[in-house]
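Have a look at the structure that comes next, please.
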Amino acid sequence: MCKEIEVKDEIDCGKCSKQSDCCRMGAWIDLEEAKRILESGIKGDFFHLEIDKEFPSGYKVGTSYEDEQCVFLDTDGLCRIHKVDYALKPVTCKEFPYEGGKISPIADVLCLEHKARIARAKSGEKK
């Protein structure tokens, strides 16, 4: 992978033609974020509670069952959480296609902008 693709400010989600594409498999979020979302009254479920020391609470939950789309993705293709209160949107969702400051391992599957940049880098095309 090219180094310029790794630079955090390279991918602008606002330029994505299908911004909900990255929600088609749900996300892992911190348990405390899930609690705040539920307390806000936003409808949706969480799945697969797991211990994970990488998350602030030490636990993570999924926003989808298996590889289904995120349960918070509305029929209009927008995030129900984002529409109600952006502050409640989970950190992993806000940061995608990045994870820990680097491109997420699944960005090449879910992020159209990242896929396009990979294709351009392989073809030698400039921005």
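May I have the convex hull volume per residue, in Å³, for the Cα set of the range 3-123?
111 Å³
Let's see if you can work this out: charge +1 on each Lys and Arg Cβ, -1 on each Asp and Glu Cβ, no other charges. What is the dipole magnitude of the range 3-123 about its Cα centre, in debye to the nearest 20?
360 debye
Sum up the charges of everything whose Cβ sits under 10 Å from the Cβ of HIS48, counting Lys and Arg as +1 and Asp and Glu as -1, but leave HIS48 out.
Summing Lys and Arg as +1 and Asp and Glu as -1 gives -1.
Still on this structure: Under the 0.36 nm per residue contour assumption, what length would be gained going from the current alpha-carbon distance of TYR59 and ASP76 to full extension?
Stretched fully, the TYR59-ASP76 segment lengthens by 3.1 nm.
Which residues' amide hydrogens lie under 5 Å from the amide hydrogen of PHE72, considering only partners 5 or more residues apart or on another chain, with H built in the peptide plane?
The list, which skips near neighbours in sequence, is empty: none.
Using Cα centres only, tell me the gap between the range 51-81 and the range 104-125 in whole Å.
23 Å
Residue by residue, what Karplus-based ³J(HN,Hα) values in Hz, rounded to whole numbers, does the range 100-112 have, using 6.51, -1.76 and 1.60 with θ = phi - 60° and x for Gly and Pro?
x, x, 10, 4, 5, x, 9, 4, 6, 9, 9, 9, 4
If you don't mind, another one. Go ahead and collect, in residue order, the members of the range 57-89 whose backbone nitrogen is under 19 Å from a label point 7 Å along the Cα-Cβ direction of ASP45.
60-75, 80-81
Every read-out reported here was derived from the displayed coordinates using simple, explicitly stated rules and does not represent laboratory data. Just so it is clear, the structure is predicted and the values come from calculations on it, not from any experiment. Positions of Cβ are backbone-derived with ideal geometry, glycine not excepted, and every protein chain shown enters the neighbour counts.
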